[in-house]
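The values are calculated or read from the model by the stated rules, or taken from the named source; none is laboratory data. In this text, all values refer to a predicted model and were calculated from it rather than measured experimentally. Cβ sites come from the backbone with ideal geometry, for glycine too, and all protein chains shown count toward neighbours. Each accessible area value is taken on the protein alone, full model and side chains, heavy atoms only, with ligands, DNA and RNA left out. Shrake-Rupley method; radii C 1.70, N 1.55, O 1.52, S 1.80 Å.
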Amino acid sequence: MAFIVAIDGPSGTGKGTITKLIAKEMGLLNIDTGSMYRSLALKCLNMGINTLDNKEKIIEIAKNINIEIKHNEENQEIFLDGENVTSKIRTKEVTAFSSPVSSVPEVRKIMVDMQRKMAENKSVIMEGRDITTVVFPNANVKIYLDASVEERARRRFAENMEKGIQMSFEETLKAMEKRDYDDSHREAGPLKIAEDAIIIDTTNMTIEEVKDEVEKIINDSKAK
Ligand code: DC
């Protein structure tokens, strides 16, 4: 029977890294829903839309967008209308615009439908902001990953350095605080902790420790 692991939390908590590792070890399909909002943001930016002034147009683009998540041995690759945009969706411009586009209720509805379809009849591990609350409130396992904003900004800063994305630590921290605030204060699908989610504070944990803890929670749930 299909088994669903839902993981939410703010950016920089290690959701992406953890889900990737667990998906591989436990044979689950990994779906990074942030990459879908990022793809929409990229498409809008490519069309010269960088504010929410023309919401109708953004909704229209979302209705017709074609997003595919393809999995290979090591990674998941994101295709937007047939083009591999795995790196392009990680720029600071796309990161910044992905939060406003994700606040549009009609956009969220389209994305949630797409996410449910992607998971149909499959065992998945899906991460985002509203997976435990909206997309799969009845998931077999519901986890909320957290960490202090300073630690999350430190992780993101190091990651950006590695990827050659130029952003000072201060700028990274500020952008993260703004995105946290916006993502958790919107009307539709805000980031919040589901009542029955298990919270893991990863501030002082290594990736390996978090992975082990999540795997234990999944195994405990399967054994029930
Ligand atoms: O996880 P991420 O940083 O790649 O997400 C990019 C943006 O997309 C983030 O600012 C919030 C939004 N998002 C969302 O609203 N709902 C999701 N399920 C996933 C991401």
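Tell me whether the range 25-37 contains one or more residues that are under 27 Å from LYS222 (Cβ atoms), in a helix (DSSP H, G or I) and away from the ligand (no atom under 16 Å from the Cβ).
Yes; the residues of the range 25-37 include at least one that is under 27 Å from LYS222 (Cβ atoms), in a helix (DSSP H, G or I) and away from the ligand (no atom under 16 Å from the Cβ).
Could you say which residue among TYR181, TYR144 is open to solvent by 30 Å² or more (accessible area, probe 1.4 Å) and hydroxyl-bearing (Ser, Thr, Tyr)?
Details: TYR144 fails: open to solvent by 30 Å² or more (accessible area, probe 1.4 Å).
Result of the check over TYR181, TYR144: TYR181.
Please name all residue pairs, on different chains or six or more residues apart, with Cβ atoms under 7 Å, provided the first residue is in the range 98-111 and is touching a residue at least 40 places away in the same chain (Cβ under 8 Å) and farther than 13 Å from GLU187 by Cα and the second residue is more than 9 Å from the ligand (Cβ to nearest atom) and open to solvent by 40 Å² or more (accessible area, probe 1.4 Å).
ILE110/LYS63
Which one of ARG156, ARG129, ARG116 is basic (Lys, Arg), surrounded by fewer than 22 Cβ atoms within 10 Å (Cβ to Cβ) and touching a Gly at 6+ places or on another chain (Cβ under 9 Å)? Outline the logic, then answer.
Numbers: ARG129 fails: surrounded by fewer than 22 Cβ atoms within 10 Å (Cβ to Cβ); ARG116 fails: touching a Gly at 6+ places or on another chain (Cβ under 9 Å).
Sole residue among the options that is basic (Lys, Arg), surrounded by fewer than 22 Cβ atoms within 10 Å (Cβ to Cβ) and touching a Gly at 6+ places or on another chain (Cβ under 9 Å): ARG156.
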